[in-house]
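Note sheet for the following structure.
The values are calculated or read from the model by the stated rules, or taken from the named source; none is laboratory data. Note that the structure is predicted; figures quoted are calculated from it, not measured. Quick reminder, even Gly has a Cβ in these numbers, built from the backbone with ideal geometry, and neighbours come from all protein chains shown. Only protein heavy atoms, including side chains, enter the accessible area calculation; ligands, DNA and RNA are left aside. Shrake-Rupley method; radii C 1.70, N 1.55, O 1.52, S 1.80 Å.
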Amino acid sequence: MSRTTFVDILKIPEMTHHKIHMRRVLVSAVLSLCLVSINAIEAQPVVEKRVAIIGSGAGGSSAAYWLSRAFPSSGDIKISSTVFEALDRVGGRSITIPIMDDPANGVAELGASIFVEVNWNMMNATKKFGLELKKLGSVDSRFGLWNGKEFIFQETGNSWWDTAKGLFRYGIAPFRVRNLVLSATDRLAYAYDHSFFPAFTNLKTLTSFLNFGEETSRTARHYLITDSHVKASYIEQIVQSATRVNYGQNIDRIHALGALVSMAANGAKSVKGGNWQIFQKFIEESGAKLRLETRVVGIKKLVDKKTGTTVYEVESEGGEKEMFDAVIVAAPVHNANINFNNVPSSAASALLDNPPAFETIHVTFVAGQRDPSYFGVDNLETLPNMVVTTADTTHFPGGQYPFTTFAEHHFHNDSKESIVKIFSNKEISDSLLDSLFVSRSWTFRHAWQAYPTLIPILDAEYEKMAAKNRIEAAKQSSLSISTLRDIFTNFLREWGVLPQKKVEVKEVTEEVPTKVGPFALKWPPIVLDEEHEGEGDGGVFYVNAFENWISTMETETISSKNIVRLLHKQWCPKCEPFGDGWTEQANEQPSDAVEKKNEL
Ligand SMILES: Cc1cc2nc3c(=O)[nH]c(=O)nc-3n(C[C@H](O)[C@H](O)[C@H](O)COP(=O)(O)OP(=O)(O)OC[C@H]3O[C@@H](n4cnc5c(N)ncnc54)[C@H](O)[C@@H]3O)c2cc1C
């Protein structure tokens, strides 16, 4: 009997070609079956997440874009997003109008006009989408500060002379403010550093992370004049002009962060043809469904009976209802008119019951010949083309300034007419226009609910900290010995001859006064139905909460990116956090580092 040895087993018996082929097919079939089952173990089932975005302005359109970047189609989570827009166009407060109603004359920005180089998202978007940048307006801007009687400060157009005049008048104040602005923009830049800066669930965290407690809890006047000791005339005249131009608000009201951002408008840019094109592109590139002329009237939080998960029913004006896994509200709640049903959280109720106040800004465009005599000036050459009124109303008729800014944007040589844009807090009457212009051929008016009143926020935490500091300071000063009498009385106290001095230490509680002048107490919430404060564990997010911090197109894109980062963390807890949204997402799969961190 022949014995089969181990070596024999290893020998390949002689086979026909066909047999060899069949064997290969079998082996590869078995192998691929194994691979399939290994993959089946490793791969996550593809999950679909439906996101409703309400509003197609800077906030909503960028939210759609960030979602498509955070959850690429190659990943395990498929996003199906729908942008609901009440109007028949994209862009919200970013819109252009044809000059003199004729597109052949070009267009003018009616709302959000400019952004600056440090606005990383806006700049990146224009580059990526191939949009052309331009300077706003075609005339060189010469600034004049008008008090109703005279120009109390005026540029000549000669930069050397204007700088010398500024130095003579304000000394080093411009440099001191410049440093404060640089410090603020440096800190703001950290909001882009996603490797360092975690997604935040409320603005209190953002404020303390970027160390803006002081700038957001004090008025510009208090912070710049009282605390920073910058020359009052510079703050009242130049900084206040900037806050009036940018936010229609005075330094006694606006928080210091608003003032510093207003002073950071150097090198302002806008997109040729209109800034709204960025937002149009965001939506196009995102692949989101866009539903124009579809006003959302209700959001209802429900539990899906089949899966037991939370879902949101979004109802639009026509009565149509759709289910979503998350909702991003990218429109100010005070005029979005949305009924929030079963979206519980005390912060959300406070916001909805008492939404932040917005400034009404009237924009008036005129094509006409300016009348220099209105300003007590002889000729147009000497009339500044960017006139800002003072906050001091002493010399204005009826004690009210007629407008905040009166700015010439273009000059048409043929018609000798200027295109002038006027900002005011009341509608500009025809009779006022008649005195501002010798003649006019076109007038266009629009009133905006423009931006929130940027009042300082006396956040409870901050107040608690400040109160503690005050108590510490009181304790310290009560122990300081400054005179011989103090030494003597302290000596007697030490020896028990005199009773010990009682240090008044007030109990610090969470309770702070409910109204402190123009101060509000809390930032609007970002997660409207958060179950555990600070966890971000809700599904209805509010982009425009950020507007009370600062209201710009750029900051709305930062706010929406933060919300997408929160969603990404919720839906993909083991993934690398969503990055900057511009560079390719490194890896959708959990990284070693993240896994290790979770194991700890
Ligand atoms: C006159 C003016 C000048 C400004 N100047 C500048 C500037 O120079 N630079 C700058 O960066 N910023 C400027 N801003 C501020 C800037 O416009 C805003 O911060 C920013 O555009 C807000 O974008 P958003 O998408 O959050 O809101 P919005 O642009 O207001 O978009 C909200 C959208 O939601 C839609 N909507 C509302 N309710 C519903 C609903 N129920 N259902 C469906 N859709 C709804 C609205 O129609 C709108 O399209 C200016 C604003 C104004 C008004």
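Any idea which of Thr393, Thr364 is farther than 21 Å from Ser141 by Cβ and among the polar types (S, T, N, Q)?
Numbers: Thr364 fails: farther than 21 Å from Ser141 by Cβ.
When all the criteria are applied, what remains is Thr393.
All but one of (1) buried (at least 24 other Cβ atoms within 10 Å of the Cβ); (2) touching a strand residue (DSSP E or B) at 6+ places or on another chain (Cβ under 7 Å) hold for Ser559; state the number of the condition that does not hold.
Condition (2) is where Ser559 drops out.
Looking at segment 149-156, can you tell me whether even one residue there is in contact with a strand residue (DSSP E or B) (Cβ under 7 Å, 6 or more places away or on another chain) and in a loop (DSSP other than H, G, I, E, B)?
Yes; the residues of segment 149-156 include at least one that is in contact with a strand residue (DSSP E or B) (Cβ under 7 Å, 6 or more places away or on another chain) and in a loop (DSSP other than H, G, I, E, B).
Looking only at residues in segment 261-298 that are among the aliphatic types (A, V, I, L, M) and away from the ligand (no atom under 12 Å from the Cβ), which one is farthest from the chain's Cα centre (by Cα)?
So, considering only residues that are among the aliphatic types (A, V, I, L, M) and away from the ligand (no atom under 12 Å from the Cβ), the one farthest from the chain's Cα centre (by Cα) is Ala288.
Could you check segment 528-547 and list, in sequence order, the residues that are more than 11 Å from the ligand (Cβ to nearest atom) and either within 17 Å of Trp66 (Cβ to Cβ) or not acidic (Asp, Glu) (or both)?
The answer is Leu528, His532, Gly534, Gly536, Gly538, Gly539, Val540, Phe541.
In segment 47-72, which residues are aromatic (Phe, Trp, Tyr) and within 15 Å of the ligand (Cβ to nearest atom)? Spell out how you get there, then give the answer.
Going residue by residue through segment 47-72, those that are aromatic (Phe, Trp, Tyr) are 65-66, 71.
Those that are aromatic (Phe, Trp, Tyr) and within 15 Å of the ligand (Cβ to nearest atom): Tyr65, Trp66.
Residue check: is Gly106 over 17 Å from Glu285 (Cβ atoms) and within 16 Å of the ligand (Cβ to nearest atom)?
no
With the requirement that a residue be buried (at least 20 other Cβ atoms within 10 Å of the Cβ), in contact (Cβ under 8 Å) with a residue 24 or more places away in the chain and within 15 Å of the ligand (Cβ to nearest atom), what does segment 242-259 give you?
Listed by number, the residues that qualify are Arg244, Tyr247, Gly248, Gln249, Ile254, Leu257, Gly258.
Can you tell me how many residues within segment 177-217 are in contact with a Phe, Trp or Tyr (Cβ under 6 Å, 6 or more places away or on another chain), closer than 21 Å to Asp227 by Cβ and surrounded by fewer than 19 Cβ atoms within 10 Å (Cβ to Cβ)?
1
Is it the case that some residue within segment 81-101 is closer than 27 Å to Ala407 by Cα, open to solvent by 60 Å² or more (accessible area, probe 1.4 Å) and part of a loop (DSSP other than H, G, I, E, B)?
Scanning segment 81-101 turns up at least one residue that is closer than 27 Å to Ala407 by Cα, open to solvent by 60 Å² or more (accessible area, probe 1.4 Å) and part of a loop (DSSP other than H, G, I, E, B).
Within segment 387-404, is there a residue that is within 15 Å of the ligand (Cβ to nearest atom) and charged (D, E, K, R)?
Looking for residues that are within 15 Å of the ligand (Cβ to nearest atom) and charged (D, E, K, R), one finds none in segment 387-404, hence no.
Open to solvent by 20 Å² or more (accessible area, probe 1.4 Å), at pLDDT 85 or above and within 16 Å of the ligand (Cβ to nearest atom): does that describe Trp523?
On the way: open to solvent by 20 Å² or more (accessible area, probe 1.4 Å): yes; at pLDDT 85 or above: yes; within 16 Å of the ligand (Cβ to nearest atom): yes.
Answer is yes for this residue.
Only one of these conditions is not met by Leu136: (1) modelled with pLDDT under 95; (2) open to solvent by less than 60 Å² (accessible area, probe 1.4 Å); (3) in contact with an Asp or Glu (Cβ under 8 Å, 6 or more places away or on another chain); (4) away from the ligand (no atom under 13 Å from the Cβ). Which number is it?
The single condition Leu136 does not satisfy is (4).
Can you spot a residue in segment 409-423 that is under 15 Å from Lys149 (Cα atoms) and away from the ligand (no atom under 16 Å from the Cβ)?
No, because not a single residue in segment 409-423 is under 15 Å from Lys149 (Cα atoms) and away from the ligand (no atom under 16 Å from the Cβ).
Return the pairs, sorted by first residue and then second, in which the second residue is in a helix (DSSP H, G or I), the first residue lies in segment 421-449 and is more than 22 Å from Gly111 (Cα to Cα), the beta carbons are less than 6 Å apart, and the residues are 6+ apart or on different chains.
Pairs found: Ser435/Tyr374; Leu436/Tyr374.
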